[in-house]
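The structure appears right after this line, and notes come after that.
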Amino acid sequence: MILKPDSDGVYTVSFLVVPEYAMVCLLSAIETMRVANRFAGREVFRWQLLSTNGEPVNASNQLALVETKSIENVPAPKNVFVCSSFNPKNYISDHTVAWLKNLYRRGTVVGAVDTGCYLLAAAGITRNRRVTLHWEAIPAFQEEHPGVEVTNELFEIDQNLITCAGGTASIDLMLHIIQSELSQDLALSVCEQFIKSGIRQKSDKQRINLAFRLHVHDSRLLRVLALMETNLEIPLNPGELAEHAHLSIRQVERLFRRHLNTTPANYYLGIRLERAQQLLRESPLSVSEIAIACGFNSSAHFSRAYSKANGLTPSQDRRDRFTLNQTQH
């Protein structure tokens, strides 16, 4: 059993919405349950929105859903998902953390959508557990929470802990729950209603694969690219990349020129700097810590490379992003 039913057999799913949450994640989950009720011909699911004070919460699109209850004024939920997206750490409070801790101790199924894992981590719920979150937030979360096993899957179900990458992956999570708790036929009927070609499994990856993302279909080059993406903190040297891909260094260089119009070194540097930019904007790590995490042997080397690629230093980029966030609030 994934979710816990009420005494009448209906599954009540509560969503704690955090400011700047992504509405698409929330509505994808709710609409899947609504359609399931319709095709089941009975109430299988109920849902409710919660906030810390009962007031409507603005999503990242500046819209708010009005039917929101205070976490203080509802019985302890049996199933609760934290919905957050942008700047999740700005909305971690002692009050919310204590509430989540208490629920988890009492056996509530606790979940997180998109970046909701940040609040669960603050409550100590994710320690030594397996979770997923939006791919863009994974690098920063991994650096800040090394004791948590983070995957790139669409969703993870680890006993009473459920995490989801967000976006339309919320549909896939709910379809999986419908299939597991009710029937495959019902899940397929709901899936077809959303004009989806099939139910994605949790192991389906969040991002479009490298072949389509880069318009590359040479399997040899794809092997090298995959190696680079999974070895950013300690970059592989040209000989290691070639050896792992069963190629010569010269063959690797030719493949990069032919398909990507660049050198292996420049491409590798580019994806390391891209990771560094994510960490600068999403994590509290110092510039020197980010340099190490992205495979640079010194902060000075990192700063020079970053400035050349982006036109400003890492510190300036972080300061500009902080100023932008402040003006948006």
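The values are calculated or read from the model by the stated rules, or taken from the named source; none is laboratory data. Everything numeric here is computed off the predicted structure, so don't read it as measured data. Cβ sites come from the backbone with ideal geometry, for glycine too, and all protein chains shown count toward neighbours.
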Qualifying residue in the stretch 109-119 (condition: surrounded by 14 or more Cβ atoms within 10 Å (Cβ to Cβ), more than 30 Å from GLN179 (Cβ to Cβ) and either basic (Lys, Arg) or under 23 Å from the mean Cα position of the chain (by Cα) (or both)): no
Members of the stretch 290-312 found to be under 18 Å from GLU229 (Cα atoms) and of a type in the set (Gly, Ala, Ser), listed by number: ALA291, ALA293, GLY295
Flag if ILE162 is assigned to a helix (DSSP H, G or I), of a type outside the set (Gly, Ala, Ser) and in contact (Cβ under 8 Å) with a residue 40 or more places away in the chain: no
Which numbered condition PHE86 fails, given (1) touching a residue at least 12 places away in the same chain (Cβ under 8 Å); (2) assigned to a loop (DSSP other than H, G, I, E, B); (3) more than 18 Å from LEU119 (Cβ to Cβ): (3)
Qualifying residue in the stretch 245-257 (condition: closer than 19 Å to GLU136 by Cβ, of a type in the set (Val, Ile, Thr) and surrounded by fewer than 19 Cβ atoms within 10 Å (Cβ to Cβ)): no
Single match in ASN231, ASN266 (criterion: at pLDDT 95 or above and closer than 25 Å to PHE296 by Cα): ASN266
Residue ID - nearest to LEU119 (Cα to Cα), chosen from residues in the stretch 63-83 that are in contact with an Asp or Glu (Cβ under 9 Å, 6 or more places away or on another chain) and free of Cβ contacts under 8 Å to residues at least 40 places away in the same chain: SER70
Residue match in the stretch 123-137 (condition: modelled with pLDDT under 95, under 18 Å from LEU49 (Cβ atoms) and of a type outside the set (S, T, N, Q)): no
Filter result (free of Cβ contacts under 8 Å to residues at least 24 places away in the same chain, over 22 Å from HIS95 (Cα atoms) and either assigned to a helix (DSSP H, G or I) or charged (D, E, K, R) (or both)) within the stretch 110-149: ILE138, GLN142, GLU149
Subset of the stretch 60-90 that is within 17 Å of the chain's Cα centre (by Cα) and buried (at least 19 other Cβ atoms within 10 Å of the Cβ) - its residue that is farthest from ILE2 (Cα to Cα): PHE86
